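The structure appears below as structure tokens.
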Amino acid sequence: MSAVAVEATGVGRTFPGRSGTSVTALEGVDLTVAAGEFVSLIGPSGCGKSTLLRLVADLDRPTSGTLTVFGRSPEQARLAHDYGIAFQQAGLLPWRTVRANIELPLSMHGVGRTARRRRASDLLALVGLTDFAEHFPDQLSGGMQQRVAIARALAEEPSLLLMDEPFGALDEMTRERLQTELVRICAETRAAVVFVTHSIPEAVFLSDRVVVMSARPGRIRDVVDVSLGRGTDRDDDLRQDAAYFDAVTRVRAALHDEAGHAVRARGAEVR
Amino acid sequence: MTGRAPTGVAVLHRAAPVVLGLVLLVAWQLAVVVGDVPAFLLPSPTAIVGELVDLWPTISSASLSSGRNALVGLLVGAVVGIGAAVLAATVRVVDALLGPLVAGLAVVPIVALAPVLYTMYGAASEVGRQLVVAITVVVPVFVTTLRGLRQVRPVHRDLMRALGATRRQATAAVTVPTAMPFVFTGLRLASSLAVISAIVAEYFGGPRSGIGSFITTAAAGSNYARAWAFVLGGVVVGLVFYGATLALERWGSRGGQP
């Protein structure tokens with residue numbers, strides 16, 4: 001296996017708009033995600049961070065540049081089940097139990113019943129939902145549903161995990177708890193993660209590197225090295241740590257550089 | 001329901017419609033007797049029940065006959081409607097072709113086709129009636145099924161693609177379960193239509209076997225209480241169909257879970 005999980009060179013995506021105009025969602029993106037690395041994409045709405053994730057997942061195709069996932073095309077990687085994915089909406093199948101939802105990728109790819117059950121039981125323990133295996137999704141809270149979705153994404157032990165604002169719809173307390181759990185899970189699975197978010201503390205707490213993006217057209221503005229240590233080094237104490245606050249400040253500065261421009265421009269209009 | 005033993009309020013809720021029905025029946029009876037209403041205007045409930053008891057073998061066999069036609073037509077129409085909807089959802093061209101056809105079918109006074117069909121299949125055949133029912137059923141089943149097949153949520157579509165699911169896998173895992181509640185609702189709507197059109201089709205001729213045939217005969221012979229007794233038989237058939245498809249819908253909307 002290649003030591004590089006995701007390699008993007010000059011990747012762009014333009015959407016055809018109405019009456020001949022086109023919208024550039026993403027332009028000239030160069031990004032390398034190493035195997036086992038946790039990278040967050042952060043930026044204002046419309047900066048193309050979700051678009052970039054969808055390109056990596058081969059849910060959409062770039063209109064320019066090249067993109068490889070473990071040295072193959074995104075399509076090959078998708079068909080080889082190289083990655084697991086979690087969306088902002090948990091996207092569970094409401095007519096299946098929690099266990100059956102987690103088993104879905106396995107049963108689709110021909111894994112036998114006993115192996116499936118064993119794997120699902122492990123994953124249920126990993127996300128702390130063993131007691132809810134036979135429940136249906138609508139009997140669970142939003143945070144629990146999201147944990148099921150993460151377990152489903154991990155079902156095939158992918159070496160890459162793609163997450164599109166998976167905690168975006170959750171309250172702050174549930175969010176922090178799930179972040180701590182995600183750090184632990186990533187330490188156990190050693191998967192590379194591309195994590196889309198618009199929360200600065202979340203990006204800093206979770207990531208090795210934070211990719212700061214700007215909008216219209218979506219570009220990478222800056223990459224902030226967080227390096228707060230891996231796995232068990234990161235616990236809730238980290239949220240009080242000076243290095244953590246320092247990283248938060250650096251990400252905020254990178255983001256607000258652009259926002260500052262916007263504010264100034266607006267201020268000028270008012271006067 | 002809070003407790004196992006029904007509370008007084010719960011009993012009252014259950015009993016209220018029954019009581020109302022009884023009060024209305026008594027009022028009806030009183031109005032006919034006291035007001036001396038002629039039978040051709042409104043027969044009394046006791047007269048109707050009397051006819052119902054006297055003619056029970058005929059009414060029950062007529063109900064079965066109409067019910068059988070409705071059932072055959074419902075099944076044929078449901079199979080055709082669901083099949084066409086699946087085709088339309090899969091092949092865009094078929095959708096473009098079937099759309100106007102179904103719209104046209106929806107406005108044809110289908111029951112009025114009955115005399116034409118009787119001539120085609122012979123006066124002793126029930127096929128014409130079953131066809132009338134089938135054509136009536138096709139439209140609501142097609143429309144609701146097609147709608148259901150298009151309800152797949154974008155996040156589920158993304159998930160299926162991310163999992164590299166084949167078309168068949170995605171259909172079985174997501175499209176069909178999403179569509180099921182819509183299909184069952186279509187069947188419930190169609191079941192009432194099926195019974196109504198089976199009975200009304202009999203007004204236009206054909207073999208003298210079902211509820212509709214006997215209603216026309218009784219009414220033509222000025223035997224109004226008897227006509228009403230047959231109407232009552234038709235109501236029972238309709239309720240059975242509605243109840244059965246409603247149960248099916250409840251079962252289906254729980255995703256087949258008991």
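The values are calculated or read from the model by the stated rules, or taken from the named source; none is laboratory data. Values in this document were obtained by computation on a predicted structure and should not be read as measured data. Please note: Cβ atoms are built from the backbone with ideal geometry, for glycine as well, and neighbour counts cover all protein chains shown. The accessibility values were calculated without ligands, DNA or RNA, using every heavy atom of the protein model including side chains. Shrake-Rupley method; radii C 1.70, N 1.55, O 1.52, S 1.80 Å.
Ignoring ligands, DNA and RNA, how much accessible area is buried between chains A and B, both sides summed, with a 1.4 Å probe, to the nearest 100 Å²? Write down the numbers at each step before the final one.
On the way: alone 13040 and 15030 Å², together 26300 Å².
Approximately 1800 Å² gets buried when A meets B.
Per-residue mean of other chain beta-carbon atoms within 10 angstrom of the beta-carbon, peptide A:92-101?
Mean shielding count: 3.
Tell me what chain A gives for mean residue ellipticity at 222 nm when only DSSP H runs of n ≥ 4 count, each as -39,500 (n - 2.57), the sum divided by the residue total, rounded to 500 deg cm²/dmol. Provide the component values of the computation, followed by the final result.
Values: 8 runs with 105 residues, N = 271.
Value at 222 nm, helices only: -12500 deg cm²/dmol.
For segment A:92-157, calculate the relative contact order in percent as a whole number, restricting contacts to Cα pairs under 8 Å that are 6 or more residues apart.
51 percent
What does the average come to when, for each residue of peptide A:147-156, you count the partner chain Cβ atoms lying within 10 Å of its Cβ?
Shielding by partners across A:147-156 averages 1.
Which is the longest run of chain B containing none of the trypsin sites (Lys or Arg not before Pro) found in DSSP loop states (not H, G, I, E, B) with at most 16 other C-beta atoms within 10 Å?
B:5-149
For segment A:52-158, state which GluC sites (Glu not before Pro) are in a DSSP loop and have at most 14 other beta carbons lying within 10 Å of their beta carbon.
Passing both the DSSP loop test and the Cβ count: A:134.
Can you give the helix-only mean residue ellipticity at 222 nm for chain B, where every DSSP H stretch with n ≥ 4 adds -39500 (n - 2.57) and the sum goes over all residues, rounded to the nearest 500 deg cm²/dmol?
-26000 deg cm²/dmol
What net charge do the residues around residue B:211 carry, taking every other residue with its C-beta under 14 Å from that of residue B:211, with Lys and Arg at +1 and Asp and Glu at -1? Don't skip to the end; give the middle numbers.
Working: positive: B:68, B:129, B:208, B:226; negative: B:51, B:126, B:202.
That works out to +1.
In debye to the nearest 20, how big a dipole does segment B:45-253 give about its Cα centre with +1 on each Lys and Arg Cβ and -1 on each Asp and Glu Cβ?
Dipole magnitude for segment B:45-253 comes out near 860 debye.
Quick one: which of B:233-240, B:210-217 comes out on top by average Cβ neighbours within 10 Å, and what's the full order, highest first?
By packing density, highest mean first, the sequence is B:210-217, B:233-240.
Quick check for you: with a 1.4 Å probe and neighbouring chains kept, what is the accessible area per residue of the protein assembly as shown, in Å²?
On the way: 26300 Å² over 529 residues.
Counting only protein heavy atoms, the per-residue value for the protein assembly as shown is 50 Å².
Quick one: pull the percent of accessible area on chain A belonging to carbon and sulfur, 1.4 Å probe, ligands and nucleic acids left out.
Numbers: 6060 of 12190 Å².
For chain A, the apolar C and S fraction of the accessible surface comes to 50 percent.
Lys/Arg Cβ at +1, Asp/Glu Cβ at -1, dipole of segment B:1-148 taken about the Cα centre: which of B:106, B:82, B:130 is farthest positive-ward?
With unit charges placed on the Cβ atoms, the residue in question is B:82.
For segment A:21-129, what value does the Rg/Rh ratio take when both radii are computed over Cα atoms and Rh is the Kirkwood radius, given to two decimals?
1.03
What is the ratio of the Cα radius of gyration of chain A to 2.2 N^0.38 Å, with N the residue count, to two decimals?
1.04
Give the dimensionless ratio obtained when the Cα radius of gyration of segment B:12-149 is divided by 2.2 N^0.38 Å.
Computed over Cα atoms of segment B:12-149, the ratio equals 1.54.
Take the eigenvalues of the Cα gyration tensor for the protein assembly as shown, scale each by 5, and report the square roots as semi-axes in whole Å, largest first.
After scaling each eigenvalue by five and taking roots: 64, 27, 23 Å.
Using 0.36 nm times the number of residues separating residue A:242 and residue A:32, minus their current alpha carbon distance, what extension gain do you get? Walk me through the intermediate numbers first.
Details: separation 210, 0.36 × 210 = 75.60 nm, distance 2.79 nm.
Difference between extended and current length: 72.8 nm.
Ignore the peptide's own chain and count Cβ atoms of other chains within 10 Å of each Cβ in B:159-168; give me the average, rounded.
Mean shielding by partner chains, rounded to a whole number: 6.
Taking all pairs of distinct Cα atoms, average 1/r, flip it, and tell me the Kirkwood hydrodynamic radius of segment B:45-253 in Å to one decimal place.
Computed over Cα pairs of segment B:45-253, the Kirkwood hydrodynamic radius comes out at 18.6 Å.
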